[in-house]
1. Check Leu230: other-chain or 5+ apart residues with amide H under 5 Å from its amide H, H built from backbone geometry?
2. Starting at 0 and stepping by 5 Å, how many percent of the alpha carbon pairs of region 1-75 end up in each bin?
3. Set the Förster radius R0 to 41 Å, insert the Cβ-Cβ distance between Lys134 and Ser44 as r into 1/(1 + (r/R0)^6), and round the FRET efficiency to 0.05.
4. Beyond a 25 Å Cα-Cα separation, which of these cross-linked pairs lie in this structure: Lys45/Lys77; Lys95/Lys233; Lys95/Lys157; Lys45/Lys68; Lys62/Lys130?
5. How large, in Å, is region 65-224 by the Kirkwood hydrodynamic radius built from its alpha-carbon pairs?
6. For region 50-107, which chymotrypsin sites (Phe, Trp or Tyr not before Pro) pass both filters: DSSP loop (anything but H, G, I, E, B) and at most 16 other C-beta atoms within 10 Å?
7. Based on the Kirkwood radius over alpha-carbon pairs, what is the Stokes-Einstein translational diffusion coefficient of region 55-107 at 37 °C with 0.692 mPa s viscosity, in µm²/s?
8. If the chain between Asp143 and Lys68 were fully stretched, how many nm would it gain, using 0.36 nm times the residue separation less the Cα-Cα distance?
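Only the coordinates and a few stated rules stand behind these numbers; no lab work does. As the structure is a computational prediction, the values presented were derived from the model and not from experiment. All Cβ positions, glycine included, derive from the backbone under ideal geometry; neighbour counts span all protein chains shown.
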Amino acid sequence: MNTKNLEAAADIIRTARRVAGFTGAGISVESGIPPFRGEGGIWSKYDPSLFDIHYFQTQPEKAWELIKEIFYSYFGKAEPNGAHIALARLEVEGKLSCIITQNIDSLHQEAGNTDVVEFHGNSRRLVCLKCSTKLLFTEALFDNMPPRCEECSGILKPDFIFFGEAIPVLAQERALTETRLADVWIVIGTTGTVFPAASIPIMAKQNGSTIIEVNARPSAFTDDITDIFLEGKAAGVMTALIELLYPEDTPAQEE
Ligand code: NAD
Ligand code: ZN
């Protein structure tokens, strides 16, 4: 990790008026959830077209078998890691206003963040395709495949965005507003290639924000919009950043 960059990032956060977070699959990798793209990514094993809304609508049972295998095996066991916890700490300190996340895993909320804008929805909620009722996921729903709505017996779909579906309007509006409000953005673990989500940090930059980026490797943002690039795994980098910002937390070395 480049300590000069880390110190520069800490300085920027210290003097920031309002910090926002923008996160992607990379922040949850150390919680045991694989990303979509790259080595070990979900797309290296599964065909992305199986997550198209038209496939779900026409073959719900087959689509659900796959969704169950991928999402409800990894996601159920995952817990927040140091990077999620660091963002929660920044909120407690009154620094972080909100997190715009592309993730669907609820780990930011579990870490304690109270203002999380889910750009791509959430895997722990299901929605009925017929009556739009929303409900929380329980294992019992898998007793029938595909899971069905208790109210109207319509087919239930995970309440996250499939290819071919629109971004939730409220999330989009909220994210856009934040691009005008926050003066510093911490962008963590995202390739910057999934649009329209990737346009959020780009717009923030156009509106004059400073962009601090944390990623295991350079992303599409790094050369174009990133001001300070913190290369490394999210949990380690973010924990080190918190230690610099709040050194009183670090136990003094015994003589
Ligand atoms: P991505 O899968 O395209 O890319 C992951 C990014 O994280 C890469 O840039 C990679 O270099 C970086 N990365 C990997 N391990 C890291 C680590 N330990 N620390 C820091 N960075 C690391 O992710 P994306 O661009 O966010 O995009 C895709 C979509 O995938 C999102 O819309 C999201 O909905 C969905 N997704 C969500 C989850 C989740 O909820 N946890 C998991 C997989 C995919
Ligand atoms: Zn229903």
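1. Residues meeting the criterion, in which the H sits 1.01 Å from N, are Glu213, Val214, Asn215.
2. 3, 12, 16, 16, 14, 11, 8, 8, 7, 5, 1
3. It comes to 0.80.
4. Going by Cα-Cα distance, Lys95/Lys157 fall outside the 25 Å limit.
5. 17.2 Å
6. Nothing satisfies the criteria.
7. Result for D is 242 µm²/s.
8. 25.8 nm
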